[in-house]
Amino acid sequence: QVQLVESGGGLVQPGGSLRLSCAASGSIFSINTMGWYRQAPGKQRELVARKTSGGSTNYADSVKGRFTISRDYAKKTVSLQMNSLNPENAAVYFCSADISTILDGPRWDYWGQGTQVTVSS
């Protein structure tokens, strides 16, 4: 069984910073992409940032230059440093990982339970 556990959400003032972290555990053979998505009330879930096992990154245009994704491949963690936050960044942030549980096995998408980010004065 695979688990993704997020931490680091909370309340921050506009212009402030937060760091989200996510740790993968369980029966994991390999992880390809790990990333962060978010969902605001009444909106669809959207990609925020992701990073592949080879180091390639993708960011949503709205967060480029303000958010930074990083991974610790040995610890199976992914983090998202979020700077210059504004109310539009408020959402539930979900960690996602593309994981194989056995050698040469299929990859499946796993999700964390989500962590709330609130940006308000």
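The values are calculated or read from the model by the stated rules, or taken from the named source; none is laboratory data. All figures in this text were calculated on a predicted structure; none of them were measured in a lab. Don't worry about glycine lacking a Cβ; one is built from the backbone with ideal geometry, like all the others, and counts go over all protein chains shown. Accessible surface is based on the protein model in full, side chains and every heavy atom, while ligands, DNA and RNA are left aside. Shrake-Rupley method; radii C 1.70, N 1.55, O 1.52, S 1.80 Å.
Summary of computed values
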quantity: Output for the range 97-118, where each listed residue is open to solvent by less than 80 Å² (accessible area, probe 1.4 Å) and part of a strand (DSSP E or B); calculated: Ala97, Asp98, Ile99, Ser100, Tyr110, Thr115, Val117, Thr118
quantity: Number of positions in the range 14-65 that are farther than 21 Å from Leu103 by Cα, open to solvent by 60 Å² or more (accessible area, probe 1.4 Å), free of Cβ contacts under 8 Å to residues at least 24 places away in the same chain and small (Gly, Ala, Ser); calculated: 3
quantity: Test: residue in the range 75-96 that is at pLDDT 95 or above, of a type outside the set (Ser, Thr, Tyr), over 20 Å from Gly15 (Cβ atoms) and loosely packed, with under 15 Cβ neighbours inside 10 Å; calculated: yes
